[in-house]
1. Using the structure shown, select from Lys26/Lys146; Lys150/Lys217; Lys150/Lys228 the pairs with a Cα to Cα distance greater than 31 angstrom.
2. Taking H placed 1.01 Å from N in the peptide plane, check which residues at least 5 places from Gln41 or on another chain put their amide H under 5 Å from its amide H.
3. What spacing in nm lies between the two simple spin-label points modelled at Val333 and Arg119, each 7 Å away from Cα in the Cβ direction?
4. Could you derive backbone 3J(HN,Hα) for region 128-137 from the dihedral phi with the Karplus parameters 6.51, -1.76 and 1.60 (θ = phi - 60°), listing whole Hz in sequence and x where the residue is Gly or Pro?
5. Using modelled backbone amide H atoms (1.01 Å from N, in-plane), which distant-in-sequence or interchain residues come within less than 5 Å of Gln121's amide H?
6. Report ³J(HN,Hα) in whole Hz for each residue of region 176-191, in order, from the Karplus equation J = 6.51 cos²θ - 1.76 cosθ + 1.60 where θ = phi - 60°; Gly and Pro get x.
7. Based on the alpha-carbon gyration tensor of region 39-168 and its eigenvalue square roots a ≥ b ≥ c, which shape applies: rounded if a/c is under 1.5, prolate if not and a/b is larger than b/c, or oblate?
8. What is region 94-221 by shape, rounded, prolate or oblate, if you read a ≥ b ≥ c off the alpha carbon gyration tensor as root eigenvalues and call it rounded for a/c under 1.5, prolate for a/b larger than b/c, and oblate otherwise?
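Derivation of every value follows stated rules applied to the coordinates shown; laboratory data play no part. Quantities reported herein were computed from a predicted structural model and do not represent experimental measurements. Cβ atoms come from the backbone with ideal geometry, glycine included; neighbour counts cover every protein chain shown.
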Amino acid sequence: MTRSPLPAFLVFFVLLFSTLTVAEIKSITLSDDSQAVILFQKFGFSRMGHVTVSASSVSVSSPSYSPTPDSSRLGFILISDELLPQVVREFQQDLYLCILDSHYVVHLFSFRDLSPPPRSQFNQTYPVTHPDEYSLFFVNCVPETKVSMKIRTEMYNLDRNGSKDYSAAGSTQLPALYFIFSLCYLTFLGLWVYLCRNNKQIVQRIHLFMAALLLAKTLDLICAAGLKHYVKVTGTSHGWNVLFYVFRSTTVVLLFTVIVLIGTGWSFLKPKLQEKKTKKKLLMIVIPLQVLANIASVVIGETGPFSEYWVIWNQIFLLADIICCCAIIFAMVWWMCCSLRKSSKTEALAKLTRFRGFYVLVIAYLFFTRIGVFALKVIADYKYEWVSNAAEEIASLAFYILMFYMFRPTARKEYFGVDEEEEAAAEIALKEEEPEL
C-alpha cells in the first residue's frame, strides 16, 4: 500500500506562511532522508518565470525485504497557492493518494527521468506560464525508502530586457524600500547627534544608548538593501547575509534594552521610584532571550524547511520573542502601578503621564509588528508582499520618532524636578525601606 504523505504535507501547508531562505539559488544535500514530502523553496512568479532543478549523486535505498522501489513514485513537483486547497481536498477524499497523482500539481520530473547509474543525474529548466506563488516539493511515495542526493534549485523571473530577476514578484521592490528607510534613519541620527551636542550639560547615558540604536538601525537597513539587491541580481547574498544578521541582531538587542531602561525609569526617575534589582533581572532575561531568538532567526534564514530541525528553530524563535514581549509589557505595567502607589504624595505622580503614554506606545508597536504585519503577509496577494515590509518599517520609524521625542535631551525638571541631593537621599531611603529581592 502506498504510504500517505498527508501528515507531513499538512505541516508544510502551515509553513507556507513562513519566510524561507534569503537566496533564490540554493544548493542542498540530502543524506538518507525518508521524509514523504520535502518543501525546498517558495517563490512568486510573474508571467515570465522559470525554475531550474538539478539533481546529482542520486541514490535510493530500501530494506532488504522490500521490493525494488518504483522510480516513478519519487519526484519533484510545483504546487501553486491557488490550487493548494484543491490538493488538500483530494487528500481528504483519499488518505492514501500519492501527491504525485494529484490533478492539481505541476509535475517536473521523477527518478525515472534520471540518467543511468552511476551518474544518476538530471538538469532541466521549466517555464512557469501561469503567474502565482509556487512551492517546490520533493515527494517520496515509496514506504521505508531513503533518498540521498545533491539538489540545486534556481528560480527567477525575466525582466522586459530579458535579464534574470531572482527576487520574487512581491519582493523586487525591497532593495529600494530599505535604502530609502536607511536614509531616513541616517537623517534621524544626524538630528539626534546635533540635539545632543547642543544640550551637552543635560545629556544622559540613555541618550547615548539611543544614538547607538539609531546607528545600528541605519546599518541594519543598509545591509538589508545590499542583501536584497545582490539576491535580486545574482540569486545569492555574496556575504551580505553575514553583515545583515550581525546588525539586525545588534539592533533588536539594543531596542529591547532601551525600551526596558526607559520603561523602568532609568536616568529619569528618583531611585525611590525604581526597582533596580528587578530591572537588572529583567535585562538578564530579555537580552539572552533576544540573543537566542536572533540565533534561531539566522538558522531559519540560512537553512530551510528541508532541514530536520527547521520547525524546532521556528518554534524557538517565536517562543523567545513572545516571552520577551510579554516580559516587557508585564514589567512596565507592574512598575507603573508600584510607582503610582509609592509616589501618590509627591509631584512625580503628575509626571508619570509621560511614561503611561510610552507604555501604550510600546504595546501598540509590539502588537502591530508581531500580529498586524503577519496578518498583512497572510491576506495580501503575493505580488504585494513588499507592502507588509513597508508597513513594518513605517510603524518602526513612527515608534522611534515618538520615543525619541518623548525622551529627548531636555531640562531634568521637565521629567521629575529632582536634584542630585534628592536622588541620593531617595536611594538611601530605598535601601532602608525595601527588603532585598
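1. Values: Lys26/Lys146 22 Å; Lys150/Lys217 38 Å; Lys150/Lys228 26 Å.
Checking Cα-Cα distances, Lys150/Lys217 exceed 31 Å.
2. Hits under the 5 Å cutoff: Leu136.
3. Roughly 6.6 nm, to one decimal.
4. 3J(HN,Hα) across region 128-137, in whole Hz: 10, 8, 10, x, 4, 9, 10, 10, 9, 10.
5. Hits under the 5 Å cutoff: Ser115.
6. Karplus-based 3J(HN,Hα) across region 176-191 equals 5, 4, 5, 5, 4, 5, 5, 5, 4, 6, 5, 4, 4, 4, x, 5 Hz.
7. Numbers: a/c = 2.91, a/b = 1.36, b/c = 2.14.
Cα axes put region 39-168 in the oblate bin.
8. On the way: a/c = 3.57, a/b = 2.73, b/c = 1.30.
Prolate.
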